[in-house]
Amino acid sequence: MNNFDVFPKKSLLFAPMEGITDEPYRIALMKTFPEWDQFFTDFLRVPTVGKITEKMIIEHYGERILNNPEWRKKNSFQILTTERAQTQAVVEILESLKMDHLDLNLGCPSKKVNSHHGGAYLLSNHIALKKVLKIIRENFSGHFSVKMRIGYRDDSNFSDTLKLIQDEGVEAITLHARTRDQLYKGVADWSYIKKAVEEVKVPLIGNGDIWNADDIEKVFKDTGCHSVMFGRSALKTPWLAKIYKDYIEDGGHIDETYLLYERKKYLELYFEALMFEYRQIGWPENLILKRFKSFSRNLYDDYEDFEAIRGSFLRSESLGQYLDFLYALKG
Ligand SMILES: Cc1cc2nc3c(=O)[nH]c(=O)nc-3n(C[C@H](O)[C@H](O)[C@H](O)COP(=O)(O)O)c2cc1C
(Lines give C-alpha, C1' and ligand atoms only; values in the text may rest on other atoms or scores of the structure.)
Protein backbone atom coordinates (compact mmCIF):
# COMPACT_ATOMS: atom_id res chain seq x y z
CA MET A 1 0.00 0.00 0.00
CA ASN A 2 1.24 3.50 -0.75
CA ASN A 3 -0.91 6.34 0.38
CA PHE A 4 2.03 8.67 0.91
CA ASP A 5 1.04 11.14 -1.75
CA VAL A 6 -2.49 11.66 -0.53
CA PHE A 7 -1.83 15.26 0.52
CA PRO A 8 -0.19 17.36 -2.18
CA LYS A 9 3.18 18.77 -1.13
CA LYS A 10 2.94 22.05 0.80
CA SER A 11 -0.62 21.31 1.91
CA LEU A 12 -2.11 23.61 4.54
CA LEU A 13 -4.01 21.61 7.13
CA PHE A 14 -6.60 22.98 9.55
CA ALA A 15 -5.84 21.28 12.90
CA PRO A 16 -8.26 19.11 14.86
CA MET A 17 -9.68 21.21 17.69
CA GLU A 18 -12.09 20.06 20.38
CA GLY A 19 -15.09 22.33 20.73
CA ILE A 20 -14.43 23.87 17.33
CA THR A 21 -14.00 21.57 14.32
CA ASP A 22 -17.41 19.93 14.37
CA GLU A 23 -19.30 19.25 11.14
CA PRO A 24 -20.97 22.68 10.69
CA TYR A 25 -17.66 24.43 11.36
CA ARG A 26 -15.78 22.32 8.83
CA ILE A 27 -18.50 22.75 6.20
CA ALA A 28 -18.57 26.54 6.71
CA LEU A 29 -14.79 26.68 6.31
CA MET A 30 -14.69 24.42 3.26
CA LYS A 31 -17.28 26.60 1.55
CA THR A 32 -15.82 29.97 2.55
CA PHE A 33 -12.08 29.32 2.49
CA PRO A 34 -11.56 26.40 0.09
CA GLU A 35 -7.82 27.15 0.12
CA TRP A 36 -7.47 24.84 3.16
CA ASP A 37 -6.29 21.45 1.92
CA GLN A 38 -7.42 19.27 4.81
CA PHE A 39 -9.59 19.28 7.91
CA PHE A 40 -9.83 16.97 10.91
CA THR A 41 -12.55 16.08 13.37
CA ASP A 42 -11.60 16.70 16.97
CA PHE A 43 -10.74 13.44 18.74
CA LEU A 44 -13.31 10.75 19.28
CA ARG A 45 -12.43 9.08 22.55
CA VAL A 46 -12.61 5.35 21.97
CA PRO A 47 -14.52 3.89 24.93
CA THR A 48 -13.18 1.00 26.98
CA VAL A 49 -16.62 -0.34 27.83
CA GLY A 50 -20.06 0.01 26.29
CA LYS A 51 -21.41 -0.54 22.84
CA ILE A 52 -19.98 1.38 19.92
CA THR A 53 -22.42 2.17 17.18
CA GLU A 54 -22.09 3.36 13.63
CA LYS A 55 -24.39 6.23 14.55
CA MET A 56 -21.85 7.57 17.11
CA ILE A 57 -19.12 7.51 14.50
CA ILE A 58 -21.21 9.18 11.81
CA GLU A 59 -22.36 11.89 14.21
CA HIS A 60 -18.78 12.71 15.15
CA TYR A 61 -17.69 12.93 11.52
CA GLY A 62 -20.84 14.47 10.09
CA GLU A 63 -23.34 12.74 7.83
CA ARG A 64 -23.35 15.47 5.21
CA ILE A 65 -19.59 15.22 4.87
CA LEU A 66 -19.72 11.44 4.77
CA ASN A 67 -22.20 11.56 1.90
CA ASN A 68 -20.14 14.00 -0.16
CA PRO A 69 -17.14 12.28 -1.84
CA GLU A 70 -15.22 15.55 -2.35
CA TRP A 71 -15.68 16.62 1.27
CA ARG A 72 -14.79 13.15 2.52
CA LYS A 73 -11.40 13.36 0.85
CA LYS A 74 -10.74 16.60 2.71
CA ASN A 75 -11.84 15.44 6.18
CA SER A 76 -9.84 13.10 8.39
CA PHE A 77 -11.37 11.29 11.33
CA GLN A 78 -9.31 11.57 14.52
CA ILE A 79 -9.44 9.03 17.34
CA LEU A 80 -7.90 9.06 20.79
CA THR A 81 -7.49 5.62 22.24
CA THR A 82 -5.65 3.44 24.74
CA GLU A 83 -4.29 -0.07 24.86
CA ARG A 84 -7.44 -1.26 26.63
CA ALA A 85 -10.06 0.64 24.66
CA GLN A 86 -12.17 -0.85 21.90
CA THR A 87 -9.97 0.39 19.05
CA GLN A 88 -10.68 -2.52 16.77
CA ALA A 89 -14.45 -2.07 16.95
CA VAL A 90 -14.17 1.62 16.07
CA VAL A 91 -11.70 1.04 13.27
CA GLU A 92 -13.86 -1.70 11.78
CA ILE A 93 -16.74 0.75 11.57
CA LEU A 94 -14.50 3.40 9.98
CA GLU A 95 -13.37 0.80 7.46
CA SER A 96 -16.92 -0.30 6.68
CA LEU A 97 -17.85 3.35 6.09
CA LYS A 98 -14.90 3.56 3.68
CA MET A 99 -13.42 6.48 5.56
CA ASP A 100 -10.58 8.00 3.55
CA HIS A 101 -8.34 9.13 6.43
CA LEU A 102 -7.85 8.13 10.03
CA ASP A 103 -5.63 10.10 12.40
CA LEU A 104 -4.45 8.86 15.79
CA ASN A 105 -4.06 11.44 18.57
CA LEU A 106 -0.68 11.07 20.31
CA GLY A 107 -0.49 14.64 21.51
CA CYS A 108 -3.34 15.40 23.89
CA PRO A 109 -1.75 16.65 27.16
CA SER A 110 -4.88 16.55 29.32
CA LYS A 111 -4.20 15.08 32.78
CA LYS A 112 -7.41 13.09 32.68
CA VAL A 113 -6.75 11.65 29.22
CA ASN A 114 -3.13 10.82 30.10
CA SER A 115 -4.05 9.20 33.40
CA HIS A 116 -6.27 6.84 31.39
CA HIS A 117 -3.20 6.13 29.22
CA GLY A 118 -4.38 7.95 26.09
CA GLY A 119 -3.15 10.87 23.98
CA ALA A 120 0.48 11.89 24.57
CA TYR A 121 0.86 9.17 27.24
CA LEU A 122 1.35 6.60 24.48
CA LEU A 123 4.59 8.34 23.49
CA SER A 124 6.01 7.11 26.81
CA ASN A 125 4.86 3.50 26.49
CA HIS A 126 6.10 1.94 23.27
CA ILE A 127 4.62 -1.48 23.99
CA ALA A 128 1.13 -0.03 24.24
CA LEU A 129 1.75 2.31 21.30
CA LYS A 130 2.84 -0.55 19.07
CA LYS A 131 -0.26 -2.58 19.96
CA VAL A 132 -2.56 0.33 19.14
CA LEU A 133 -0.80 1.07 15.83
CA LYS A 134 -0.98 -2.59 14.82
CA ILE A 135 -4.71 -2.84 15.54
CA ILE A 136 -5.37 0.23 13.43
CA ARG A 137 -3.11 -0.74 10.54
CA GLU A 138 -4.44 -4.29 10.37
CA ASN A 139 -8.04 -3.13 10.24
CA PHE A 140 -7.91 0.07 8.23
CA SER A 141 -7.01 0.28 4.53
CA GLY A 142 -7.33 4.05 4.07
CA HIS A 143 -4.75 6.75 4.77
CA PHE A 144 -3.45 6.43 8.33
CA SER A 145 -1.66 9.31 10.04
CA VAL A 146 -0.64 10.15 13.60
CA LYS A 147 -0.43 13.50 15.35
CA MET A 148 2.28 13.53 18.01
CA ARG A 149 4.44 15.69 20.22
CA ILE A 150 8.24 15.35 20.57
CA GLY A 151 7.90 13.29 23.73
CA TYR A 152 6.04 12.98 27.00
CA ARG A 153 8.33 14.31 29.76
CA ASP A 154 11.28 15.05 27.46
CA ASP A 155 12.63 14.30 23.99
CA SER A 156 14.74 11.28 24.97
CA ASN A 157 12.83 8.68 22.92
CA PHE A 158 11.90 10.99 20.03
CA SER A 159 13.85 9.09 17.33
CA ASP A 160 12.71 5.69 18.58
CA THR A 161 9.09 6.84 18.57
CA LEU A 162 9.36 8.09 14.99
CA LYS A 163 10.91 4.82 13.88
CA LEU A 164 8.29 2.73 15.63
CA ILE A 165 5.47 4.74 14.09
CA GLN A 166 6.92 4.52 10.61
CA ASP A 167 7.65 0.79 10.92
CA GLU A 168 4.01 0.13 11.81
CA GLY A 169 2.81 1.45 8.45
CA VAL A 170 1.72 4.98 9.34
CA GLU A 171 1.57 7.11 6.20
CA ALA A 172 2.00 10.66 7.52
CA ILE A 173 3.16 12.16 10.80
CA THR A 174 2.11 15.53 12.17
CA LEU A 175 4.52 16.85 14.75
CA HIS A 176 3.53 19.51 17.28
CA ALA A 177 7.04 20.54 18.24
CA ARG A 178 6.65 20.52 22.03
CA THR A 179 6.75 17.81 24.69
CA ARG A 180 3.59 16.91 26.54
CA ASP A 181 4.97 18.55 29.69
CA GLN A 182 5.47 21.82 27.84
CA LEU A 183 1.72 21.94 27.20
CA TYR A 184 1.45 25.21 25.21
CA LYS A 185 4.26 27.04 27.02
CA GLY A 186 7.07 28.86 25.27
CA VAL A 187 7.44 28.59 21.54
CA ALA A 188 7.38 25.38 19.53
CA ASP A 189 10.90 24.30 18.54
CA TRP A 190 10.87 23.71 14.78
CA SER A 191 14.34 22.13 14.83
CA TYR A 192 12.55 18.92 15.88
CA ILE A 193 10.49 19.12 12.70
CA LYS A 194 13.73 19.23 10.70
CA LYS A 195 15.14 16.31 12.67
CA ALA A 196 12.00 14.27 12.04
CA VAL A 197 12.09 15.07 8.31
CA GLU A 198 15.64 13.69 8.24
CA GLU A 199 14.66 10.55 10.14
CA VAL A 200 11.47 9.37 8.42
CA LYS A 201 10.47 8.68 4.84
CA VAL A 202 6.77 9.40 5.24
CA PRO A 203 5.42 12.94 4.79
CA LEU A 204 6.12 15.05 7.87
CA ILE A 205 3.60 17.75 8.71
CA GLY A 206 5.00 20.57 10.83
CA ASN A 207 2.82 22.11 13.56
CA GLY A 208 3.16 24.61 16.39
CA ASP A 209 3.27 28.42 16.39
CA ILE A 210 3.04 28.92 12.64
CA TRP A 211 1.16 32.21 12.70
CA ASN A 212 1.49 33.94 9.32
CA ALA A 213 2.70 33.63 5.71
CA ASP A 214 6.30 34.46 6.64
CA ASP A 215 6.27 31.71 9.29
CA ILE A 216 4.92 29.24 6.73
CA GLU A 217 7.72 30.08 4.29
CA LYS A 218 10.27 29.84 7.08
CA VAL A 219 9.09 26.48 8.37
CA PHE A 220 9.11 24.99 4.85
CA LYS A 221 12.55 26.42 4.13
CA ASP A 222 14.19 25.63 7.46
CA THR A 223 12.80 22.15 8.00
CA GLY A 224 11.95 20.74 4.56
CA CYS A 225 8.64 19.47 5.95
CA HIS A 226 6.04 18.17 3.52
CA SER A 227 3.09 20.20 4.78
CA VAL A 228 2.00 22.34 7.71
CA MET A 229 -0.87 22.35 10.18
CA PHE A 230 -2.45 25.30 11.99
CA GLY A 231 -4.35 25.35 15.28
CA ARG A 232 -4.59 28.62 17.22
CA SER A 233 -3.32 30.52 14.20
CA ALA A 234 -6.19 29.15 12.11
CA LEU A 235 -8.58 30.34 14.79
CA LYS A 236 -7.00 33.78 14.70
CA THR A 237 -6.98 33.96 10.90
CA PRO A 238 -9.38 31.36 9.49
CA TRP A 239 -8.43 32.53 5.98
CA LEU A 240 -4.67 32.07 6.56
CA ALA A 241 -4.47 29.45 3.79
CA LYS A 242 -5.81 32.03 1.35
CA ILE A 243 -3.33 34.66 2.54
CA TYR A 244 -0.46 32.23 2.00
CA LYS A 245 -1.60 31.15 -1.46
CA ASP A 246 -1.99 34.82 -2.52
CA TYR A 247 1.43 35.60 -1.02
CA ILE A 248 3.07 32.86 -3.08
CA GLU A 249 1.38 34.17 -6.22
CA ASP A 250 2.63 37.68 -5.42
CA GLY A 251 6.19 36.45 -5.07
CA GLY A 252 6.32 36.60 -1.28
CA HIS A 253 4.86 40.06 -0.93
CA ILE A 254 2.24 41.09 1.63
CA ASP A 255 0.66 44.50 1.77
CA GLU A 256 0.39 44.96 5.55
CA THR A 257 -2.08 47.84 5.23
CA TYR A 258 -4.42 45.50 3.39
CA LEU A 259 -4.52 42.92 6.16
CA LEU A 260 -6.95 44.74 8.48
CA TYR A 261 -9.22 45.58 5.58
CA GLU A 262 -9.23 41.92 4.62
CA ARG A 263 -9.78 40.92 8.23
CA LYS A 264 -13.05 42.80 8.40
CA LYS A 265 -14.24 41.45 5.07
CA TYR A 266 -13.35 37.86 5.87
CA LEU A 267 -14.63 38.03 9.45
CA GLU A 268 -18.04 38.91 8.04
CA LEU A 269 -17.93 36.01 5.59
CA TYR A 270 -16.70 33.68 8.35
CA PHE A 271 -19.44 34.46 10.85
CA GLU A 272 -22.18 34.56 8.24
CA ALA A 273 -21.14 31.13 6.95
CA LEU A 274 -20.96 29.73 10.49
CA MET A 275 -24.36 31.16 11.39
CA PHE A 276 -25.87 29.58 8.28
CA GLU A 277 -24.43 26.15 9.08
CA TYR A 278 -25.39 26.20 12.77
CA ARG A 279 -28.91 27.26 11.84
CA GLN A 280 -29.06 24.45 9.28
CA ILE A 281 -28.66 21.91 12.08
CA GLY A 282 -31.24 23.71 14.22
CA TRP A 283 -29.04 25.35 16.83
CA PRO A 284 -30.84 28.04 18.84
CA GLU A 285 -29.49 31.60 18.68
CA ASN A 286 -28.11 31.55 22.24
CA LEU A 287 -26.02 28.48 21.51
CA ILE A 288 -24.67 30.06 18.33
CA LEU A 289 -23.85 33.24 20.27
CA LYS A 290 -21.99 31.20 22.88
CA ARG A 291 -19.93 29.56 20.15
CA PHE A 292 -19.20 32.91 18.50
CA LYS A 293 -17.96 34.28 21.82
CA SER A 294 -15.70 31.26 22.27
CA PHE A 295 -14.20 31.99 18.82
CA SER A 296 -13.47 35.61 19.78
CA ARG A 297 -10.30 34.94 21.75
CA ASN A 298 -7.68 35.81 19.12
CA LEU A 299 -9.68 37.14 16.20
CA TYR A 300 -9.31 40.82 17.11
CA ASP A 301 -5.69 40.82 18.34
CA ASP A 302 -4.45 42.81 15.35
CA TYR A 303 -6.62 45.85 16.15
CA GLU A 304 -5.00 48.63 18.15
CA ASP A 305 -7.78 48.70 20.75
CA PHE A 306 -8.25 44.93 20.65
CA GLU A 307 -9.15 44.51 24.34
CA ALA A 308 -12.06 46.93 24.09
CA ILE A 309 -13.19 45.36 20.83
CA ARG A 310 -13.05 41.86 22.20
CA GLY A 311 -14.87 43.05 25.32
CA SER A 312 -17.81 44.33 23.28
CA PHE A 313 -18.10 41.05 21.43
CA LEU A 314 -17.94 39.08 24.64
CA ARG A 315 -20.66 41.22 26.24
CA SER A 316 -23.06 40.87 23.29
CA GLU A 317 -26.50 39.95 24.51
CA SER A 318 -27.78 38.57 21.24
CA LEU A 319 -26.49 37.20 18.00
CA GLY A 320 -27.82 40.32 16.28
CA GLN A 321 -25.74 42.51 18.58
CA TYR A 322 -22.63 40.43 17.92
CA LEU A 323 -23.12 40.89 14.19
CA ASP A 324 -23.78 44.63 14.60
CA PHE A 325 -20.41 44.99 16.34
CA LEU A 326 -18.84 43.06 13.52
CA TYR A 327 -20.34 45.24 10.78
CA ALA A 328 -19.26 48.35 12.72
CA LEU A 329 -15.60 47.27 12.92
CA LYS A 330 -13.12 49.50 11.18
CA GLY A 331 -11.82 48.02 7.96
C1 LIG B 1 -8.97 24.65 21.52
C2 LIG B 1 -8.04 23.57 21.06
C3 LIG B 1 -8.50 22.27 20.90
C4 LIG B 1 -7.64 21.26 20.46
N5 LIG B 1 -8.13 20.01 20.25
C6 LIG B 1 -7.33 19.05 19.67
C7 LIG B 1 -7.85 17.78 19.27
O8 LIG B 1 -9.03 17.47 19.41
N9 LIG B 1 -6.97 16.89 18.72
C10 LIG B 1 -5.64 17.19 18.51
O11 LIG B 1 -4.89 16.37 17.99
N12 LIG B 1 -5.14 18.39 18.87
C13 LIG B 1 -5.94 19.33 19.41
N14 LIG B 1 -5.44 20.56 19.69
C15 LIG B 1 -4.02 20.87 19.37
C16 LIG B 1 -3.90 21.51 17.97
O17 LIG B 1 -4.40 20.65 16.98
C18 LIG B 1 -2.45 21.91 17.64
O19 LIG B 1 -1.66 20.76 17.57
C20 LIG B 1 -1.85 22.85 18.69
O21 LIG B 1 -2.74 23.89 19.01
C22 LIG B 1 -0.52 23.46 18.20
O23 LIG B 1 -0.70 24.18 17.01
P24 LIG B 1 -0.81 25.81 17.02
O25 LIG B 1 0.45 26.34 17.62
O26 LIG B 1 -0.97 26.15 15.56
O27 LIG B 1 -1.99 26.13 17.87
C28 LIG B 1 -6.28 21.56 20.17
C29 LIG B 1 -5.82 22.88 20.35
C30 LIG B 1 -6.68 23.88 20.77
C31 LIG B 1 -6.14 25.28 20.90
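The values are calculated or read from the model by the stated rules, or taken from the named source; none is laboratory data. Since we're looking at a predicted model, the values are computed, not measured. When we count neighbours, we look across all protein chains shown, and the Cβ atoms used for this are built from the backbone with ideal geometry, even at glycine.
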Worksheet item: Applying the selection to the stretch 189-202, what residues are farther than 13 Å from residue 162 by Cβ and surrounded by 21 or more Cβ atoms within 10 Å (Cβ to Cβ)?
Response: 190
Practice prompt. Kindly check whether there is at least one residue in the stretch 158-168 that is farther than 18 Å from residue 121 by Cβ and either assigned to a loop (DSSP other than H, G, I, E, B) or under 20 Å from the mean Cα position of the chain (by Cα) (or both).
Written response: no
Worksheet item: Within the stretch 80-89, is there a residue that is in contact with a helix residue (DSSP H, G or I) (Cβ under 8 Å, 6 or more places away or on another chain) and either basic (Lys, Arg) or free of Cβ contacts under 8 Å to residues at least 12 places away in the same chain (or both)?
Response: no
Worksheet entry | Selection count, the stretch 88-105, where residues are closer than 18 Å to residue 16 by Cβ and either among the hydrophobic types (A, V, I, L, M, F, W, C) or buried (at least 22 other Cβ atoms within 10 Å of the Cβ) (or both) | 9
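Among 33, 40, which is within 11 Å of the ligand (Cβ to nearest atom), closer than 27 Å to residue 268 by Cα and not β-branched (Val, Ile, Thr)?
Values: 33 fails: within 11 Å of the ligand (Cβ to nearest atom).
The unique qualifying residue is 40.
Quick grid of which residues meet (1) under 25 Å from residue 27 (Cβ atoms); (2) exposed (fewer than 14 other Cβ atoms within 10 Å of the Cβ):
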site: 262; (1), (2): yes, no
site: 273; (1), (2): yes, no
site: 280; (1), (2): yes, yes
site: 289; (1), (2): yes, no
site: 307; (1), (2): no, yes
Worksheet item: Quick one: would you say residue 276 is free of Cβ contacts under 8 Å to residues at least 40 places away in the same chain and assigned by TED's automatic domain parsing to the domain that holds residue 324?
Response: no
Worksheet, complete the sentence: Exactly one of 104, 66 is within 25 Å of residue 37 (Cα to Cα), in the same structural domain as residue 22 (by TED's automatic domain parsing), away from the ligand (no atom under 16 Å from the Cβ) and under 22 Å from the mean Cα position of the chain (by Cα), and that one is 66
Discussion item. Restricting to the stretch 4-52, name every residue that is surrounded by fewer than 18 Cβ atoms within 10 Å (Cβ to Cβ) and polar (S, T, N, Q).
Written reply: 48
Worksheet item: Mind checking whether some residue in the stretch 244-260 is within 30 Å of residue 197 (Cβ to Cβ), surrounded by 14 or more Cβ atoms within 10 Å (Cβ to Cβ), within 17 Å of the chain's Cα centre (by Cα) and within 15 Å of the ligand (Cβ to nearest atom)?
Response: no
Discussion item. Could you tell me how many of the residues in the stretch 260-298 are part of a helix (DSSP H, G or I) and at pLDDT 95 or above?
Written reply: 25
Worksheet item: Is it fair to say residue 224 is away from the ligand (no atom under 16 Å from the Cβ), on the phi > 0 side of the Ramachandran plot and of a type outside the set (Val, Ile, Thr)?
Response: yes
Worksheet item: Among all residue pairs at least 6 apart or on different chains, which show Cβ distances below 7 Å where the first residue, located in the stretch 102-130, is within 16 Å of residue 163 (Cβ to Cβ) and the second is assigned to a strand (DSSP E or B) and within 13 Å of the ligand (Cβ to nearest atom)?
Response: 106/146; 106/147; 106/148; 122/106; 123/106; 123/148; 123/149
Worksheet item: Would you pick out the residues in the stretch 234-271 that are on the phi > 0 side of the Ramachandran plot and touching a residue at least 12 places away in the same chain (Cβ under 8 Å)?
Response: 252
Worksheet, complete the sentence: Within the stretch 203-213, the residues that are out of contact with any His (no Cβ under 8 Å at 6 or more places or on another chain), touching a residue at least 24 places away in the same chain (Cβ under 8 Å) and either closer than 25 Å to residue 300 by Cβ or surrounded by fewer than 16 Cβ atoms within 10 Å (Cβ to Cβ) (or both) are 209, 211, 212, 213
